[in-house]
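Structure first, commentary second.
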Amino acid sequence: MLEIRNLHAGVEGAEILHGIDLAVNAGEIHAIMGPNGSGKSTLAQVLAGHEAYSVTEGEVIYEGQDLLDMDPDERAVHGVFLAFQYPVEIPGVNSAYFLRTALNALRTARDEEEVDAIDFLTLIRDKLKLVEMDEKFLKRSVNEGFSGGEKKRHEILQMAVLEPRLAILDETDSGLDIDALRIVANGVNTLYSADKATIVVTHYQRLLNNIVPDFVHVMLDGRIVQSGDKTLALELEEKGYDWIKEEHATHSV
Amino acid sequence: MTGSKKNTRHTASNHTSWVQKFESGLNGQSLRALRQRAIADFDRLGYPTTADEAWKSVNPSALIRTDFEPAAPASLADAELEPFTYPDLQGIHLVFVNGHYAPEHTSDIPEGINIANLADVYDQPLVKAHLGKLAQTTDLAFTALNTAFMRDGVFIHVQPNVAVETPVHILFITTASEIPTISHPRNLIIADENSQLSLVETYAGTGTETYFTNAVTEIIARDNASVDCIRLELQGTAGLHVANFQAQLGRNSRMTFHDFTLGGAFVRNDVNAYMRGEGSEATVNGFYALEGSQHVDNYTLLEHAEPHCPSHELYKGILGGSSRAIFRGKIHVHQKAQHTDAYQQNENILLSDNARVNTKPQLEIYADEVKCSHGATIGQLDENALFYLQARGIPKAEAKRILLRAFADDIIGRVTLAPVRSHLSDLIDTRLEHIDAKDTA
Ligand SMILES: Nc1ncnc2c1ncn2[C@@H]1O[C@H](COP(=O)(O)OP(=O)(O)OP(=O)(O)O)[C@@H](O)[C@H]1O
Ligand SMILES: [Mg+2]
């Protein structure tokens, strides 16, 4: 489904990703872990198409197509979804309007019929239940004044409405209380199916207890330095990153 | 000064006789003293130059060409007015074409409100007592010029304790003309004690040629009166527009003013809310959306002369092309105006690298128990918000439109008159699409 080959990317003048290789097949859940500043969000943003990052080398093939060649909205149309580490506040645009516009943008681009206001309300009520959010959020400006946890649940709400095939969750678990964590994990699991894939960026094993990964990758200084199964996450939880850092340092000398 | 020498109409030595000649064509000379004083002020002030503080960043040369002719009357069919009216507005309509009152378009006027063409009521004691009192000619050259040459415009008197349910819409329209024309619309509005009025002023032009509209509106809201004003400026692409809006608020009165500037090559708005009665409240909001080489100045003065007056001011602008905007917001709190609560904000979005905004708050505070806040922002469209919308599948052009609309809605949404709000909303949508298409082209 997704194949990242030797991806180098960065911001003006500074390379952040120094050659990422990663293959994700349909039905798989991949976790990406790694210390602060190792490039996890950069990878996620590059996959979603943020203009601030430029790709200097390598390629990303998504469902047989060159992902890097698509505009961010086209990527969404093709089923790519990024749950932002820092969801953006958009004053003056209410959540209901935003969600319906996004859904209809996808549907229009896919030659499907638009959803009218009434059908949308039925649909959204269903999805709100999944993330246990109150309907009153729909009337509020997107993310404006939302608490940290509300923002993260709102990301999962968007995912529920847009039904992506490849979901990239960037620290969707950070700042969540125990209930919210359960809600988010449950949301992700409910939306999961064999034709879909999920990449979860996280610092904590506790999320991976609920969303069980098939693969765990460790990022360090813009590279994936170690990959393994779910036991790798447990090991990291126990031992921290130092042993990987040391190992990696000796290897690269 | 530019312009040909042989055209002597506006040279200083000739002004007085020109006013006399102008006046002899009017019915009545009751305003002689006012006109003479105004033209003397104009002679002293002269046309503004870039040396004047208020005109420093502007090249006023387009405004001071001397060959503007007084605009001739013209008759317009209802269909020609349609683009400048509000489709669902059930209002009292008055139309002025090229500065001349066009009575054929006037709709029925309900009880409790006096409405007349100003030129027909110069002799009324209320007019004599108030005309020119707020819009002083001593330091504004164009107001002096308007006062010397004013003729038609609207006079409104809402009688005490009358709430006029029907909004009054005044349309000033200038038709296409090969010779540059000038008109001096002049309005005087008196909302008497405990009365209520809703007023809409529209200034528009149909041609692409240069013309000059030099308007002055004076509004007096007496004790406990409530006045809501909306002004829409839709002048033609080469139109020059100078407008002076002066409001005085009595005890416990309230006034709202919402100003939308979309048209014109050069626009200069002076807006002054003079809170002269204790407990009065002024709201002055503005929105401008500019493209090409449009230039718009908003000079506002919120004058707190009495205690316990709140004022709210929010101006927002979107600029494309090589357009320019200046916002100068002055808050003047007199020594006795304790417990003043004044809020001022100016926000701008630049859509192109060549657009410029100059924003300048000016606070003069002489009282000590005052709450006063102000702020200004100038920036581009939020890249991260744009990306967020795009990442959800919304194409870039639409994402931009959504963000710009949200920015504008902050002002549009404050217009309470629904038919005007929805029409403004459509106009602004069209304008935003146009600006953006030009800047991304
Ligand atoms: N737009 C940017 N401009 C400059 N530097 C950037 C930018 N984006 C990321 N970086 C830098 O790139 C590095 C990787 O950042 P990134 O956000 O990808 O890390 P991360 O692994 O997601 O960290 P965290 O766990 O703290 O979220 C950091 O050093 C960061 O400062
Ligand atoms: Mg991150």
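Values for this structure:
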| item | result |
| --- | --- |
| Region B:247-270, subset over 15 Å from B:GLY317 (Cα atoms) and hydroxyl-bearing (Ser, Thr, Tyr), residue least open to solvent (accessible area, probe 1.4 Å) | B:SER253 |
| Region A:88-103 - residue that is at the interface with chain B (Cβ under 9 Å from one of its Cβ atoms), open to solvent by less than 10 Å² (accessible area, probe 1.4 Å) and not aromatic (Phe, Trp, Tyr) and, of those, farthest from the chain's Cα centre (by Cα) | A:VAL93 |
| Within region B:393-420, considering residues that are within 24 Å of B:LEU262 (Cβ to Cβ) and not in a helix (DSSP H, G or I), the one nearest to the other protein chains (Cβ to nearest Cβ) | B:GLY413 |
| Only listed residue being more than 16 Å from ligand 2 (Cβ to nearest atom) and closer than 22 Å to B:ASP382 by Cβ, chosen from A:GLU63, A:GLU28, A:GLU12, A:GLU57 | A:GLU12 |
| Only listed residue being among the charged types (D, E, K, R) and in a strand (DSSP E or B), chosen from B:GLU178, B:GLU201 | B:GLU201 |
| Filtered residues of region A:193-204 (kept if away from ligand 2 (no atom under 14 Å from the Cβ), open to solvent by 10 Å² or more (accessible area, probe 1.4 Å) and of a type outside the set (Ser, Thr, Tyr)) | A:ALA194, A:ASP195, A:LYS196 |
| All positions within region A:205-235 that are more than 16 Å from ligand 2 (Cβ to nearest atom), of a type in the set (A, V, I, L, M, F, W, C) and out of contact with any helix residue (DSSP H, G or I) (no Cβ under 7 Å at 6 or more places or on another chain) | A:PHE215, A:LEU232 |
| Single unsatisfied condition, A:GLY228 versus (1) open to solvent by 40 Å² or more (accessible area, probe 1.4 Å); (2) more than 16 Å from ligand 1 (Cβ to nearest atom); (3) without any contact (Cβ under 8 Å) to a residue 24 or more places away in the chain | (1) |
| Filtered residues of region A:134-149 (kept if out of contact with any Lys or Arg (no Cβ under 8 Å at 6 or more places or on another chain) and surrounded by fewer than 19 Cβ atoms within 10 Å (Cβ to Cβ)) | A:ASP134, A:LYS136, A:LYS139, A:ARG140, A:SER141, A:GLU144, A:GLY145, A:SER147, A:GLY148, A:GLY149 |
| Scope region B:334-377; condition within 14 Å of another protein chain (Cβ to nearest Cβ) and among the polar types (S, T, N, Q); matching residues | B:GLN345, B:THR377 |
| Test result for A:THR172, under 22 Å from A:GLN205 (Cα atoms), hydroxyl-bearing (Ser, Thr, Tyr), part of a loop (DSSP other than H, G, I, E, B) and within 18 Å of the chain's Cα centre (by Cα) | yes |
| Some residue of region A:164-185 being of a type in the set (Ser, Thr, Tyr) and touching a residue at least 12 places away in the same chain (Cβ under 8 Å) | yes |
| Some residue of region B:378-392 being open to solvent by less than 10 Å² (accessible area, probe 1.4 Å), small (Gly, Ala, Ser), at the interface with chain A (Cβ under 7 Å from one of its Cβ atoms) and assigned to a loop (DSSP other than H, G, I, E, B) | no |
| A:ASP170, sole failed condition from (1) modelled with pLDDT of 90 or more; (2) away from ligand 2 (no atom under 16 Å from the Cβ) | (2) |
| Any hit, region A:59-66, residues being open to solvent by less than 60 Å² (accessible area, probe 1.4 Å), outside any strand (DSSP E or B), farther than 20 Å from A:GLY222 by Cα and away from ligand 1 (no atom under 13 Å from the Cβ) | no |
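So that you can scan it fast, the table gives a plain yes or no per residue for (1) open to solvent by 10 Å² or more (accessible area, probe 1.4 Å); (2) within 16 Å of ligand 1 (Cβ to nearest atom); (3) within 14 Å of chain B (Cβ to nearest Cβ); (4) not in a loop (DSSP other than H, G, I, E, B):
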{"residue": "A:SER38", "(1), (2), (3), (4)": "no, yes, no, no"}
{"residue": "A:ALA44", "(1), (2), (3), (4)": "no, yes, yes, yes"}
{"residue": "A:LEU47", "(1), (2), (3), (4)": "no, yes, yes, yes"}
{"residue": "A:GLU51", "(1), (2), (3), (4)": "yes, yes, yes, no"}
{"residue": "A:ARG75", "(1), (2), (3), (4)": "yes, no, yes, yes"}
{"residue": "A:LEU82", "(1), (2), (3), (4)": "no, yes, yes, yes"}
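The values are calculated or read from the model by the stated rules, or taken from the named source; none is laboratory data. The model shown is predicted, which means the values in this text are computed figures rather than measured ones. Neighbour counts run over all protein chains shown; Cβ positions are idealised from the backbone, glycine included. Side chains included, ligands, DNA and RNA excluded: accessible areas come from the protein's heavy atoms. Shrake-Rupley method; radii C 1.70, N 1.55, O 1.52, S 1.80 Å.
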